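Written below as structure tokens is the structure these notes are about.
The values are calculated or read from the model by the stated rules, or taken from the named source; none is laboratory data. Everything numeric in this text was worked out from a predicted model, so none of it was measured. In this analysis, Cβ positions are derived from the backbone assuming ideal geometry, glycine residues included, and neighbour counts consider all displayed protein chains. With ligands, DNA and RNA removed, areas are computed over all heavy atoms of the protein, side chains included. Shrake-Rupley method; radii C 1.70, N 1.55, O 1.52, S 1.80 Å.
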Amino acid sequence: MQACGGGYSPETRRKYYISGPQWAAAYQGQALFHAPTRAPIGFEDVIREFAKIGIGYWTTHDTDVIPTEALGKEEQANIVGRIRQALESNGVECSMVTTETFFHAVWAASPAAEAPEVRQYAAWRLANTVKIGHELGAKFAVYWPGSLGYYTQGAIEETQTLRWYADGLNAACEADIELAAKYKRPTLRHCLEAKPFEPQAEILLPTSDAMLAFIASGLLKHPEMVGLNPEYLHELMWGGAPRAALARALLAGKLFHFDINDGYRLKHDVDIGIGLVNPLDWLNVLVLLRSHNYTGPFNLDYKPPRTTSNYGVFAVSFPTAVDRFITLWEMAGDVIADPVIHEATEALKAGGGPADPLDVEAVTAANRELLTLHELIAHRMVQILLGPHRGRVYPVMPA
Ligand code: GLT
Ligand code: MN
Ligand code: MN
């Protein structure tokens, strides 16, 4: 356990903008078709354990910490007070809050259902979460729309449902503007999170790109307040390249927040620890984010394995995920500073020398080594990832 989860000191880990979700630490192993395997655990324990590990930021859904029936009541204020105390005494900050709009039966037809009372309740829930966010000092609010979609076709009119969904976000932004003035704080950054499948058969905003189009659709009253919280695995799930999805969000100025984990293409939402499946791709992702000075949080949205105990969650699962992230982040710095990659990149940009740009054969001949250099850069990155392995002797053949 020390070898795998003890790479960096808690002080070092706290230097990174890494946040730990309440729901990830308190996840009881109850994935679809699975009964819970772990005992429930509350925010006091989670915040204390995060602090010990060196995870300096904490994130939560409203109902991860406040029972649905208690929302907006006096009990909410009491719980928020206790959370503030737990954060303060452990030196942890709340960076993000999110509204659960997928678990309770009221969301069966999504937070943008036809019934006006469901939508009114949704708008109230979003505004209430924004309020909790201000009370806890959060900077971000995340929206995973959950069941915004359908099982059976034809009943839902997609354009109307999306208008209704926008109404909910508009209500959250308007409430935020008022609350921020009241609490003398900046407004939150509101971040949409896409997932291509689950928990509906068809999803109306299945990808980060769909959400970028939605933000720019004219339906939002404050599009400048709304950006993205892409999740690494959710982009893989539809078969996309996470790095390309992040690049498109960066170009749009909408990469506000990032959920980090790992998993497999075109499979369900397994939320495995970062770098355990696709370390090279992860290295590439972090090179992109470092090169573009991404300064937002890295939110550890992953699920510790089912048979892990609560002890294992904090002794192995979280520290290893944090340390894997830090190692890959630092390696990304090595890639950016690497003289070989630098030289190859410059050579690529310089082109193949003087050629008549209208002479296709001459241009092709002058750039014969373009893909050789691409390949060389890829080799170099793998070398940085795995170690140089120069001159190593392998006992393949018996002496
Ligand atoms: C849910 C989802 C996650 C989101 C959470 C935020 S809810 O667990 O699968 O990817 O980040 O609401
Ligand atoms: Mn997520
Ligand atoms: Mn996920």
**Message:** Checking the structure you have, find out if any residue of the range 198-207 is small (Gly, Ala, Ser) and crowded, with 23+ Cβ neighbours inside 10 Å.
**Reply:** no
**Fill in**
Going through (1) within 14 Å of ligand 2 (Cβ to nearest atom); (2) within 30 Å of residue 156 (Cα to Cα); (3) open to solvent by 10 Å² or more (accessible area, probe 1.4 Å) one by one, residue 259 fails only at (3)
**Message:** For the condition modelled with pLDDT of 95 or more, on the phi < 0 side of the Ramachandran plot and more than 16 Å from ligand 2 (Cβ to nearest atom), what is the one hit in 205, 169?
**Reply:** 169
**Fill in**
Inside the range 260-293, the number of residues satisfying the requirement of being touching a residue at least 60 places away in the same chain (Cβ under 8 Å) and assigned to a strand (DSSP E or B) is 0
**Prompt:** over 23 Å from the mean Cα position of the chain (by Cα), closer than 30 Å to residue 163 by Cβ and among the acidic types (Asp, Glu) - does that describe any residue in the range 115-127?
**Reply:** yes
**Message:** Looking only at the range 200-241, how many residues end up being more than 16 Å from ligand 3 (Cβ to nearest atom), under 12 Å from residue 162 (Cα atoms) and outside any helix (DSSP H, G or I)?
**Reply:** 5
**Request:** May I ask you to list the residues in the range 34-57 that are touching an Asp or Glu at 6+ places or on another chain (Cβ under 7 Å) and within 18 Å of residue 97 (Cα to Cα)?
**Result:** 56, 57
**Request:** Please state which of the following conditions residue 182 fails to meet, knowing it meets all the rest: (1) within 16 Å of ligand 3 (Cβ to nearest atom); (2) without any contact (Cβ under 8 Å) to a residue 60 or more places away in the chain.
**Result:** (1)
**Complete:** Just one listed residue, out of 125, 163, is in contact with a Ser or Thr (Cβ under 8 Å, 6 or more places away or on another chain) and either basic (Lys, Arg) or open to solvent by 10 Å² or more (accessible area, probe 1.4 Å) (or both), and it is 125
**Fill in**
Note: among 72, 54, 5, just one is open to solvent by less than 40 Å² (accessible area, probe 1.4 Å) and at pLDDT 95 or above, namely 54
**Fill in**
Over the range 182-198, the set of residues closer than 17 Å to residue 210 by Cβ and part of a loop (DSSP other than H, G, I, E, B) is 193, 194, 195, 196, 197, 198
